[in-house]
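To keep things clear, I will list the structure first and then write my remarks on it.
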Amino acid sequence: MDPRRAPRSVIDPKVRQVGFFTPGAPPDRAQSGPPEPSSSPPVSNMSPSGNSLSPVMIPPPRHASDSFVTSRPGHYPAIPLSPLRRPSGGESIPVGSYNASEFFPGTSPTTVASSYVSNKMVDGEFSEDVMPSSSPGWLRRSDSGRIVSSFPGGGFDLTAVKPSNFAASPLTTVSVVNMPPGLSEKAGGASVELQNERPASSKPLKQKTSKAERRALQESQRAAKAAANGTAEVNKATAAAAFGAVTSVNAKPAKSVKPPSQKKETASVVASEKKGGDRPPEKDRKKEVPHPRMQFDDKSRVEKAKRRAVVKQTEARNRVELFRHLPQYEHGTQLPDLESKFFQLDPMHPAVYKVGLQYLAGDISGGNARCIAMLQAFQEAIKDYSTPPEKALVRDLTARISSFVSFFSECRPLSISMGNAIRFLKSRIAKLPLTLSESEAKGILQSDIDRFISEKIILADKVIVRHAVTKIRDGDVLLTYGSSSAVEMILVHAHELGKQFRVVIVDSRPKLEGQLLLRRLVGKGISCSYTHINAVSYIMHEVTRVFLGASSVLSNGTVYSRVGTACVAMVAHAFRVPVLVCCEAYKFHERVQLDSICSNELGDPNVISKIRGRKDINYLDDWANSENLQLLNLIYDATPSDYVSMIITDYGMVPPTSVPVIVREYRREHLWI
Amino acid sequence: MPDTHTLVNEFVIKLKKRKIEGSQATARQTAELLRSVISQQRIPYTNQAGALIDAINAVGEQLISANHVELAVGNIVRRVLHIIREEDLSLATAAIAGLNLSGVSDDEDDDERDHPVLSAAAVAAAARSTLRPPSLQTLLEDMPDPAAVPQTSSSGGDSDGKSKSADKSSRSRKLKHDVIEAVNELIQDIATCHEQIAEQAVEHIHQNEVILTLGSSKTVMEFLCAAKEKKRSFRVFVAEGAPRYQGHVLAKELVARGLQTTLITDSAVFAMISRVNMVIVGAHAVMANGGVIAPVGLNMVALAAQRHAVPFVVLAGSHKLCPLYPHNPEVLLNELRSPSELLDFGEFSDCMDFGSATGSPLLHVVNPTFDYVPPKLVSLFITDTGGHNPSYMYRLIADYYSADDLVVQRRPASGN
């Protein structure tokens, strides 16, 4: 936030209104879903009446791009807004690589671009948006008298903006900007409209506000404080309500499609929101803050957890001091024990138990595979579930799922993708209408899980493949590291399309997953080179693209992935080779991470000392006896976002800086799926 | 000289078959071989140095072409050539001083005060005796008398000739003797450079330091152990260094000496380097521009170190200093090893077969031996003569090599 600009917005009461349309608010579940790969959104849907999200802005006659760039909030520095906007008369069409079709393939209503861009007219001239004074979205400071209202119902905010201004600036730009609501800097006077909200958006779902909204609320409050311009009284409720109007389109049935001229309407909406019960109470918001992960150097908590644990793991000896906070157990010791208990474990469903053992033994690995296995196990468990007497399904099933989850995480720490899937399932359970019968509820949950798997994982992969294949040209040399299912699909698909390219597979110990990938690709007739990670700077000379998979993408753009990915990306960066990370959006997470140490997973150290196929190297066979030696088997590392040229996700191809945007949008989407 | 011939041929074959690897081993054996070549070389009465240089050149050419990546061989050949020139020069100087020839000689340090006619530049050049640029005349006339090369002026050549004629019998034996002495010293140096480098360890490692290294180098091991013996306690992260996995050896050795050691995979280098204070690695060769030919993987480590502003320190004995400037070193100064170190032939033999239907195999396995680390990624070189910047390497190299020896080539017969 640039304080320097604050005064401007404050000083000038005249505000150029910029509208932003988010049509096609996902009204009903049937429509929600991951983008259909086959249907690319027609351009026409950019029109306000269209289905997909097309924020429409009325940019000022000039300085358009300036304002965009400068008005970015500091913490989302590189959201590429400017290319999106193209002034055009009346209707406008998204341009640039971040157009709707890429970001939101298909006319998926789930992708609501809630970017609200506001610009301000100062004395007929456009001035840049002012962050500090900006109260995001709908925060109105009535006493300031500047921006009084904004109209969620669409149309233009006529209270603050003189109609003549509009007339004077016929330019309209449609842009699909993935700006989260919190980003929308409202200069004191800017406001945002949502247009074309569907009436259908009135759903039970609206009762829930997503975390994104709440965060947006926080931000709005912060921003308001920052403004500190005498309008000290920020009416939180108002802000929240107003903001909610923006963020959750479906939250307010009342303000559905309305003609542009609806000031009174807004007022009433605001009023209703104020008293309306659908704002989250403060403590609720707190609850949403992600629980800090278990720190395993906290002795008392570890003890507590151990007592509950089903899997009795023994702590590994000779641990690396730096990683005390992560769990590390003797591998292979508990498996037989668990296997023998297979038929005795009471609370655990056999399907869950089986999957847990597979995690433990390493039979299932890879983010998608683990996630699908877990969801299917849950599905089984739900199918066989019956509510105990005197208990409510919602509560009891949630507790049951929680116990499954803790069992899984004892077997192997959960991946971020699994965490997201669990969160999804729990929110689905929590939102089950109480009136449903047990069998109906179970049916709904099972189909929800099915839909999650097919839409968030399988379809998402297909979309990613379609996007990524466009980046492969004839004669390319593509480098990939380890074995990523998404990358493999891309390569195979490109080969099927008849593209002529060569693949370099870089591999590393101890897992040597690349060999399996190599085997499969060579079997498909793709020409491959195989090397180990140390030779990556030797091979990088001839490489034209690097495709990497990811376990997760964190909201600061950090790519959390198989250890070694960062090395490959770094070398590629040094050699000026573009790095494309392929990751389904359900793996995105709002966490931030700067290094690979604070959060990671430790694998079995014994595999380090033995080298497969190299009997001659046995110097460390008895390493456990020496106290000074530790073997470290890291599983993941964090690739800084500046090494990543592009993240290919089911919402299109985005720069790493746009990840937080998708995270926010996506979080809300959970509610609608 | 059948003896030298067989010796040289044996050594060449060993080099070609990669029976001898590693810069220290090759350097030592090259020096020993050259010593025996010198001792068996018959010396003519005139121009003994020239004869020796020719003999070494002939042998050196064979050795260097036997294995182009073992730069230490070429380094030692050049060092020996340089030694011969130096010894010849000092003998000539002594002779001149002893004979006190008047008026003619203006070529040596000792005479400078007596002959102030010399230009300042010539004096400086002569005094340094190492940085002599090849004179234009040398280049044009192909210098029939190599012994005269070190001298800056043609008049020096005259005086040399005179002095030689003065006491040739004593000089001929003395030259050979001196050269062999000097080569012995060189061999000694190669053997002890570890210790000299290790002596500096305490100056660079402080208490509680966290050091990362990749693979194994004897120099690095000695360096770390020396610091440990001086009661410094620090931690070492050892990356195992695929495909040779020498890091396991190093880890074992360090643990035996009581150092806190953590063995990591190569892929975890980037993850761990943010917690490392210093990267200390060995080198295969140091080029004149300060670039390093190093075991594979080090470029990655150097890049990671640069990213996190971790000092990247290279330990190199002086026999690893190569007076050549690298051109495309990643490819030209590299060697591909057997795929069997990476892949099991049994599993993948069908894909690697050239006889398959398409004519060319679908699968290539790339297993390079070396990496090139450009000088900008290196923070410091520690050699047996102390610590140096990468930008200083060219100057250091001038101390050890004579500019005329950069191309080791048998002189055409007419030249002698």
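The values are calculated or read from the model by the stated rules, or taken from the named source; none is laboratory data. Just so it is clear, the model here is predicted, and its values are computed rather than measured. With ideal geometry, Cβ positions are generated from the backbone for all residues, glycine too; neighbour counts draw on all protein chains shown.
Closer than 27 Å to B:ARG337 by Cβ, part of a loop (DSSP other than H, G, I, E, B), touching a strand residue (DSSP E or B) at 6+ places or on another chain (Cβ under 7 Å) and within 11 Å of another protein chain (Cβ to nearest Cβ), is that true of A:ILE526?
Here the answer is yes, as A:ILE526 does meet what is asked.
Quick one: in the range B:215-272, of everything that is in contact (Cβ under 8 Å) with a residue 40 or more places away in the chain and on the phi > 0 side of the Ramachandran plot, which residue is nearest to the other protein chains (Cβ to nearest Cβ)?
Out of the qualifying residues, it is B:GLY241.
Is it the case that some residue within the range B:308-331 is of a type in the set (Lys, Arg) and more than 30 Å from B:ASN184 (Cβ to Cβ)?
No - not one qualifying residue is present in the range B:308-331.
When the residues of the range A:301-355 are filtered to those that are in a helix (DSSP H, G or I) and within 14 Å of chain B (Cβ to nearest Cβ), which remaining residue is modelled with the lowest pLDDT?
Checked the range A:301-355; the qualifying residue modelled with the lowest pLDDT is A:GLU321.
I want to confirm something. Restricting to the range B:335-352 and keeping residues that are more than 19 Å from the chain's Cα centre (by Cα) and acidic (Asp, Glu), which single residue is nearest to the other protein chains (Cβ to nearest Cβ)?
Looking at the filtered set, the residue picked out is B:ASP344.
Might you check whether a residue that is crowded, with 24+ Cβ neighbours inside 10 Å, part of a strand (DSSP E or B) and facing chain B (nearest Cβ under 10 Å) occurs anywhere in the range A:638-657?
yes
Of all residues in the range B:292-334, count the ones that are within 14 Å of another protein chain (Cβ to nearest Cβ), under 17 Å from the mean Cα position of the chain (by Cα) and within 22 Å of B:MET221 (Cα to Cα).
4
Step by step: first the residues of the range A:556-607, then only those that are assigned to a loop (DSSP other than H, G, I, E, B) and of a type in the set (A, V, I, L, M), then the one that is farthest from the other protein chains (Cβ to nearest Cβ). Which residue is that?
Among those that are assigned to a loop (DSSP other than H, G, I, E, B) and of a type in the set (A, V, I, L, M), it is A:VAL592.
Kindly evaluate B:GLY282 against the criterion of being touching a residue at least 24 places away in the same chain (Cβ under 8 Å), crowded, with 22+ Cβ neighbours inside 10 Å and more than 9 Å from every other protein chain (Cβ to nearest Cβ).
Against the criterion (touching a residue at least 24 places away in the same chain (Cβ under 8 Å), crowded, with 22+ Cβ neighbours inside 10 Å and more than 9 Å from every other protein chain (Cβ to nearest Cβ)), B:GLY282 qualifies.
Checking the structure you have, find out if any residue of the range A:532-548 is surrounded by fewer than 19 Cβ atoms within 10 Å (Cβ to Cβ), modelled with pLDDT under 95 and not in a strand (DSSP E or B).
Looking through the range A:532-548, at least one residue is surrounded by fewer than 19 Cβ atoms within 10 Å (Cβ to Cβ), modelled with pLDDT under 95 and not in a strand (DSSP E or B).
Suppose the filter is exposed (fewer than 14 other Cβ atoms within 10 Å of the Cβ), over 14 Å from the mean Cα position of the chain (by Cα) and part of a helix (DSSP H, G or I); does B:ASN57 pass it?
no
Among the residues of the range A:529-546, what is the count of those that are facing chain B (nearest Cβ under 7 Å) and closer than 23 Å to A:SER645 by Cβ?
Residues meeting the conditions: 9.
Each row is one residue, and each column tells you yes or no for (1) closer than 30 Å to B:ILE38 by Cβ; (2) in contact with a Lys or Arg (Cβ under 7 Å, 6 or more places away or on another chain); (3) not basic (Lys, Arg).
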residue: B:ILE180; (1), (2), (3): yes, yes, yes
residue: B:ILE187; (1), (2), (3): yes, yes, yes
residue: B:ILE190; (1), (2), (3): yes, yes, yes
residue: B:ALA198; (1), (2), (3): no, no, yes
residue: B:GLU203; (1), (2), (3): no, no, yes
residue: B:SER216; (1), (2), (3): no, no, yes
residue: B:THR219; (1), (2), (3): yes, no, yes
residue: B:PHE223; (1), (2), (3): no, no, yes
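Within the group A:ASP616, A:ASP595, A:ASP507, which residue is crowded, with 24+ Cβ neighbours inside 10 Å and without any contact (Cβ under 8 Å) to a residue 60 or more places away in the chain?
A:ASP507
If I ask for residues that are at negative phi and facing chain B (nearest Cβ under 8 Å), which ones from the range A:608-622 would you list?
Residues satisfying the conditions are A:ILE608, A:SER609, A:ILE611, A:ARG614, A:ILE617, A:TYR619, A:LEU620.
Scan the range B:249-279 for residues that are more than 18 Å from A:VAL563 (Cα to Cα) and surrounded by 24 or more Cβ atoms within 10 Å (Cβ to Cβ) and jot them down.
Those that are more than 18 Å from A:VAL563 (Cα to Cα) and surrounded by 24 or more Cβ atoms within 10 Å (Cβ to Cβ): B:LEU250, B:ALA251, B:LEU254, B:THR261, B:VAL279.
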